[in-house]
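Laboratory data are not the source of any read-out in this text; all were calculated from the coordinates shown. All figures in this text were calculated on a predicted structure; none of them were measured in a lab. No Cβ is skipped: glycine too gets one built from the backbone with ideal geometry, and neighbour counts run over all protein chains shown.
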Amino acid sequence: MIATESIAINTDAELITRLIGEALQRGESFCLWKTPAIDEKFLLITHEVILENEITIEETVSGFVFAPFNPADQKVIFPSTSLYKFMDGKLVEGKLPDLSSDSILHKESFHLHQATPTNTIDYEDLVKHGISKIESGLLEKIVPSRFEDASYNPNIDLIKVFERLCNKHPLAFVSFVSSPQTGTWMGATPELLVSVSKNKFKTIALAGTLPYSPDTNLKTVAWTQKEIEEQALVSRYIISCFKKIRLREYEEHGPKTIVAGNVMHLKTEFEVDMQATNFPQLGSVMLKLLHPTSAVCGMPLEPALEFITANEGYSRQFYSGYLGPINIQHQSNLFVNLRCMQLFADKVRIYAGAGVTVDSDPKNEWQETEMKMDNLKKLFY
């Protein structure tokens with residue numbers, strides 16, 4: 001670890017706390033994230049953010065992207081003014097500033113927005129409405145969402161909450177973002193949207209949800225026809241995007257069962273060699289085609305987006321948008337912002353949705369959102 005003379009720091013969490021504390025005292029913004037499957041964390045601190053109408057991966061400055069659900073809304077880019085990399089609990093990249101001994105991280109220091117009113121829409125009624133639109137032929141699939149507000153201890157250490165999230169979700173992309181433009185968000189998403197690295201493009205189709213327990217044998221999970229079809233719709237949508245751009249050379253692997261905290265999903269992976277296909281802009285092209293995916297919005301895209309906007313009864317803001325590092329260490333990895341929550345001064349707002357098809361049962365879909373939220377609620381107790 002690179003040492004600072006003014007204070008003794010024993011863990012990466014302590015150093016991250018100090019760095020964020022001093023950044024917030026200066027009115028700066030930060031993004032903290034953990035790479036899936038390995039003990040690698042990054043902390044980005046910046047004094048300004050950039051607002052863009054569209055993300056072009058090849059032309060975007062090195063940094064972190066935080067994009068809302070609605071594709072028409074502006075995306076927020078955090079340039080990597082100061083970037084710190086931690087591996088196995090140690091700082092391995094990044095020049096430390098002089099750290100004072102009194103840079104204590106108070107919850108009030110974070111960029112906390114005022115909470116909007118509580119959603120009054122009955123979720124089961126919303127699901128029934130969605131099913132009726134599917135039966136009428138307007139939609140193939142819809143992904144209605146809801147949120148719940150929960151109180152939390154005002155003295156809670158939010159860096160420790162982030163660490164708990166990392167420990168509970170080792171295979172997820174875990175993030176903690178705070179800025180005046182976005183407010184403060186935290187989450188652990190299992191869903192890769194777009195990855196561009198070493199001339200390889202990757203994306204996944206993730207859908208279907210069942211409860212998970214440690215004694216579950218992933219090879220013998222009995223998925224229902226509804227769950228299988230729901231996930232297959234997402235895979236078919238990705239393939240349809242490839243067809244739109246006349247891309248035929250891609251690899252498809254899956255579906256297979258994966259674990260995300262206390263639930264399981266079906267996942268299919270897609271990979272393209274951008275050099276072999278002579279398609280260097282594939283990441284940006286697919287990002288525009290894929291977001292919002294059928295796993296968070298529905299199919300067909302336009303009527304599904306109209307249904308959500310007209311009927312959910314609240315603005316998703318950054319929930320089910322996308323986020324992640326862009327052009328850092330010669331790669332970009334953007335994830336769908338799922339299993340996430342927004343932090344306010346007096347409460348936390350937890351978001352979840354469920355994929356609805358013609359075979360859906362409203363009570364089961366409500367229970368699915370409860371399962372997804374429960375994982376995050378437990379972090380605060």
For the range 12-46 the number of residues that are within 19 Å of Thr81 (Cα to Cα), of a type outside the set (Gly, Ala, Ser) and in a loop (DSSP other than H, G, I, E, B) is 2
For strands (runs of 3 or more DSSP E) lying entirely in the range 175-266, having 2 or more residues that are surrounded by fewer than 19 Cβ atoms within 10 Å (Cβ to Cβ) and among the β-branched types (Val, Ile, Thr) picks out 251-260
Might you check whether a residue that is out of contact with any His (no Cβ under 6 Å at 6 or more places or on another chain), touching a residue at least 24 places away in the same chain (Cβ under 8 Å), more than 22 Å from Glu135 (Cβ to Cβ) and of a type outside the set (A, V, I, L, M, F, W, C) occurs anywhere in the range 348-356? yes
Within the range 258-284, restricting to residues that are over 23 Å from the mean Cα position of the chain (by Cα) and among the hydrophobic types (A, V, I, L, M, F, W, C), the one that is nearest to Gly208 (Cα to Cα) is Met274
Flagged in the range 334-356 as in contact with a helix residue (DSSP H, G or I) (Cβ under 8 Å, 6 or more places away or on another chain) and either surrounded by fewer than 22 Cβ atoms within 10 Å (Cβ to Cβ) or basic (Lys, Arg) (or both), in numbering order, are Arg339, Ala345
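When only residues in the range 306-325 that are among the hydrophobic types (A, V, I, L, M, F, W, C) and touching a Ser or Thr at 6+ places or on another chain (Cβ under 9 Å) count, which is nearest to Lys34 (Cα to Cα)?
Going through the qualifying residues, I end up with Leu323.
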Practice prompt. Answer yes if at least one residue in the range 278-286 is touching a Ser or Thr at 6+ places or on another chain (Cβ under 8 Å), buried (at least 22 other Cβ atoms within 10 Å of the Cβ) and in a strand (DSSP E or B), and no otherwise.
Written response: no
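Per-residue answers, yes or no, for (1) under 23 Å from Thr35 (Cβ atoms); (2) in contact (Cβ under 8 Å) with a residue 40 or more places away in the chain:
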| residue | (1), (2) |
| --- | --- |
| Val196 | yes, yes |
| Leu218 | yes, yes |
| Glu252 | no, no |
| Pro255 | no, yes |
| Val263 | yes, yes |
